[in-house]
Amino acid sequence: MARFKTAKKKKMRSRPKRVREQMECRFCRDQISYIDYKDVELLQKLLTQRGKIFSRKRSGNCAGCQRKAQKAIKRARFMALLPYAT
Ligand SMILES: [Zn+2]
């Protein structure tokens, strides 16, 4: 019995690796040493629509700045400037 070959070999396509253009994080680049918790507009850029904090990979921050941003966001939440969750 001749059967149709159904199992085709999947081509292993390797994605072209994205080259990151910017290496410095936005806060290091602008030389911001303190992230203000009252600057809601800035902090909102680091949040998802539902109010979760973007990961370091997503936001592109360095470890130190991410920590500062995290602290600022948590402070802003406590002061009811930002939502905990939506
Ligand atoms: Zn940084």
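Couple of notes before you dig in:
- Cα shape, the range 33-78, gyration tensor, a/c 1.5 rule: oblate
- The range 23-38 versus the range 56-86: alpha-carbon centroid distance in Å: 12
- The range 33-78, relative contact order in percent, only Cα pairs under 8 angstrom and at least six apart counted: 50
- Gained length - S55 relative to D30, 0.36 nm times residue gap less alpha-carbon distance: 7.0 nm
- Surrounding net charge for I32, when Lys and Arg each add one and Asp and Glu each subtract one, Cβ distance under 15 Å: +2
- For L46, L81, the sequence from fewest to most other C-beta atoms within 10 Å is L81, L46.
- Lys/Arg +1, Asp/Glu -1 at C-beta; the range 25-69 dipole; positive extreme among I53, L43, Q31: I53
- DSSP-assigned coil residues among chymotrypsin sites (Phe, Trp or Tyr not before Pro) in the range 30-79, each with at most 13 further Cβ atoms within 10 Å: Y34
Bear in mind that the values in this text are calculations on the coordinates, not laboratory data. Worth saying up front: this structure is predicted, and the values here are computed from it rather than measured. Note: ideal-geometry Cβ built from the backbone for every residue, glycine included; neighbour counts use all protein chains shown.
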